[in-house]
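The values are calculated or read from the model by the stated rules, or taken from the named source; none is laboratory data. Source: prediction; values computed, not measured. A quick note on method: Cβ atoms are made from the backbone with ideal geometry, for glycine too, and the neighbour counts reach across all protein chains shown. Ligands, DNA and RNA are stripped out before the accessible areas are found, and what is left, the full protein with its side chains, is counted by its heavy atoms. Shrake-Rupley method; radii C 1.70, N 1.55, O 1.52, S 1.80 Å.
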Amino acid sequence: MEGMPVIKERNLHPQFYRRVKMLPGGEKIEACIQCGTCSGSCPSSHTMDYTPRKLIAMIRAGMEEEVLKSKAIWMCASCYSCKARCPRGIAITDLMYTLKNIAMASGCGHKLAGPVFYGTFNRMVEKEGRINEGKFIVTFTLKTDPFKIIGMAPLGMKMLAKRRLPLKATAIKNKEEFRKILARIREAGI
Amino acid sequence: MNFNYYPGCSLHGAAADYRMSINAICRRLKMDLTEIEDWNCCGATAASSENYKMALVLAALNLVKCENESELVVACNACYQRLLNVNSKFKKYPAIKEEITAVLAEFGISGDPEKIKVRHLLEIFLEEVGLEKIKSNIVKPLSELRLIPYYGCMLVRPEGFDDPEQPTALDELLTALGAQVLPFYRKTRCCGNAVMSTNEKTALKMIKEILEEAHFRGGQAIVVTCPVCQLNLDAYQDKVNKEFGTSYNIPVLYFTQAMGLAFGIGPNKLGFDRGIVPREDLLKLIPKIE
């Protein structure tokens with residue numbers, strides 16, 4: 001965990017704060033009282049460089065790069081505990097999604113495991129319409145840490161033996177239209 | 001009773017035993033679950049992470065396949081939350097709704113996703129089938145079993161049919177089956193699946209905390225309502241044990257498998273042998289005589 005970054009005022013981007021406020025989860029961050037209920041409720045905040053509370057403070061200060069390059073946004077497990085407990089009604093989980101959206105669209109931290117994981121998943125959905133869990137995990141691992149495959153083999157074999165790892169591909173029928181719809185939405189941006 | 005049904009990708013993969021047990025108990029309860037035509041992936045946490053509009057389109061595409069004013073039953077917590085979410089998101093962000101409806105209209109897709117009521121399978125058993133009818137089907141009460149009810153996050157958060165932190169639906173169902181349902185503080189604490197592949201250490205710690213309490217409470221099995229939680233708590237116990245020097249060996253079953261056992265349905269029809277942590281020892285605690 002790190003303290004709030006100290007940066008020169010000219011390196012702040014107030015327009016980043018204005019942009020986030022317009023996007024899902026960002027609407028109410030002005031009302032944040034920095035109580036830290038979100039960080040205290042978060043099951044993964046102990047591994048974050050900046051906790052959710054700090055991230056909100058950093059957004060409000062306009063620390064665009066520091067927020068978008070943080071590892072914290074990829075550590076959110078989307079459990080919605082923060083959103084359920086925030087006394088100011090801030091949809092913090094949605095805010096984390098929005099930060100990931102902006103980071104992925106701008107290519108920030110594209111080499112981190114998080115964005116590669118989500119990108120690989122989404123490309124498979126776009127291609128097939130459905131996810132084959134085994135194929136997805138293997139594809140992702142080959143992209144990020146090929147040697148890890150060896151360590152994964154024992155569990156893979158168990159899953160196969162328990163007939164929980166279907167080898168045949170799963171896909172929707174109407175792929176062509178489905179792909180066009182998703183392409184059309186991605187074109188529109190966030 | 002007939003319902004539109006969205007199984008989700010896992011039920012055709014790692015959660016084959018969930019699918020089998022759902023089919024078996026629905027047959028027994030004379031419920032027809034009709035899979036919606038050519039359903040697509042809900043997008044899980046991935047679509048929302050890259051582009052929230054993509055997440056809404058994926059969910060909406062499934063919803064518009066149902067008739068207006070009808071209900072859609074979902075078995076997986078993650079799919080349930082994704083599909084359920086469309087309604088509140090469309091209400092909160094009319095401009096986004098308009099944009100997405102316009103894109104779908106370009107492809108000749110009409111239908112209003114807000115007119116579909118999304119419900120979790122557990123909710124259907126409690127509110128539509130009813131505990132009385134479930135009790136009347138019990139031939140082998142689970143009175144020898146001490147069970148941990150584990151709900152996971154996305155059954156009740158951010159929206160749902162029960163309390164977001166201390167729900168009781170699963171407790172009520174398992175109690176009706178005759179089981180000893182143990183108090184469980186971490187019933188909605190996250191299992192960490194979303195970060196399992198990207199930050200294994202963190203996910204293992206999250207799993208460990210759940211297993212630790214389940215063990216401390218004296219649970220003989222953890223009962224789940226979601227294929228994602230099942231896989232995480234079941235398949236990674238080995239790794240948790242290696243990482244933390246523990247020796248957990250707690251079977252993780254679906255609530256539908258517990259129902260099937262109580263209904264006297266054969267374990268093979270419930271996919272009972274498909275647990276990574278073997279579940280077979282539990283069968284010794286089920287009464288033999290019907």
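Specify which of the listed residues (B:ILE276, B:ILE286, B:ILE265, B:ILE207) is surrounded by fewer than 17 Cβ atoms within 10 Å (Cβ to Cβ) and among the hydrophobic types (A, V, I, L, M, F, W, C).
Numbers: B:ILE276 fails: surrounded by fewer than 17 Cβ atoms within 10 Å (Cβ to Cβ); B:ILE265 fails: surrounded by fewer than 17 Cβ atoms within 10 Å (Cβ to Cβ); B:ILE207 fails: surrounded by fewer than 17 Cβ atoms within 10 Å (Cβ to Cβ).
Testing whether each residue is surrounded by fewer than 17 Cβ atoms within 10 Å (Cβ to Cβ) and among the hydrophobic types (A, V, I, L, M, F, W, C) leaves just B:ILE286.
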Segment B:212-250, subset free of Cβ contacts under 8 Å to residues at least 24 places away in the same chain and not in a helix (DSSP H, G or I), residue most open to solvent (accessible area, probe 1.4 Å) = B:SER247
ask   = Yes or no: A:PHE136 of a type in the set (A, V, I, L, M, F, W, C), assigned to a helix (DSSP H, G or I), open to solvent by less than 70 Å² (accessible area, probe 1.4 Å) and facing another protein chain (nearest Cβ under 8 Å)?
value = no
remark   = Subset of segment A:162-178, residues surrounded by 15 or more Cβ atoms within 10 Å (Cβ to Cβ) and part of a helix (DSSP H, G or I), comes to A:LYS175, A:PHE178
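Can you tell me which of B:ILE96, B:ILE100, B:ILE124 is β-branched (Val, Ile, Thr) and more than 20 Å from A:MET22 (Cα to Cα)? Explain how you work it out, then say what you get.
Working: B:ILE96 fails: more than 20 Å from A:MET22 (Cα to Cα); B:ILE100 fails: more than 20 Å from A:MET22 (Cα to Cα).
The conditions single out B:ILE124.
Residues A:CYS79, A:CYS38: which one is in contact with a Cys (Cβ under 8 Å, 6 or more places away or on another chain) and in a helix (DSSP H, G or I)? Break it down into steps so the answer makes sense when it comes.
Details: A:CYS79 fails: in a helix (DSSP H, G or I).
That would be A:CYS38, the only listed residue that is in contact with a Cys (Cβ under 8 Å, 6 or more places away or on another chain) and in a helix (DSSP H, G or I).
Tell me the residue from B:ILE116, B:ILE148 that is touching a Lys or Arg at 6+ places or on another chain (Cβ under 7 Å), away from chain A (no Cβ under 14 Å), aliphatic (A, V, I, L, M) and surrounded by 21 or more Cβ atoms within 10 Å (Cβ to Cβ), please.
Values: B:ILE116 fails: touching a Lys or Arg at 6+ places or on another chain (Cβ under 7 Å).
The match here is B:ILE148.
Can you give me the ranges of the helices (runs of 4 or more DSSP H) entirely in segment B:2-99 with at least 1 residues that are more than 20 Å from the chain's Cα centre (by Cα), at the interface with chain A (Cβ under 9 Å from one of its Cβ atoms) and not hydrophobic (A, V, I, L, M, F, W, C)? Show your work before the answer.
Working: elements: B:16-28, B:44-50, B:52-63, B:77-92.
The qualifying helices (runs of 4 or more DSSP H) are B:44-50, B:52-63, B:77-92.
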key: Test result for A:PRO154, within 10 Å of chain B (Cβ to nearest Cβ), outside any helix (DSSP H, G or I) and closer than 25 Å to B:SER197 by Cα   = no
ask   = Taking only pairs six or more apart or across chains, which ones have beta-carbon atoms under 6 Å, a first residue in segment A:168-190 that is within 7 Å of another protein chain (Cβ to nearest Cβ), and a second residue that is among the polar types (S, T, N, Q)?
value = A:THR170/A:ASN132; A:ILE172/B:ASN40; A:ILE190/A:ASN101; A:ILE190/B:ASN51
message = Step by step: first the residues of segment A:95-111, then only those that are more than 8 Å from every other protein chain (Cβ to nearest Cβ) and touching a residue at least 24 places away in the same chain (Cβ under 8 Å), then the one that is surrounded by the most Cβ atoms within 10 Å (Cβ to Cβ). Which residue is that?
response = A:LEU95
query = Among (1) out of contact with any Leu (no Cβ under 8 Å at 6 or more places or on another chain); (2) under 28 Å from A:LEU95 (Cα atoms), which single condition is A:LYS148 missing?
reply = (2)
ask   = Taking into account only those residues within segment B:20-51 that are open to solvent by less than 40 Å² (accessible area, probe 1.4 Å) and charged (D, E, K, R), which is nearest to B:GLY271 (Cα to Cα)?
value = B:ASP38
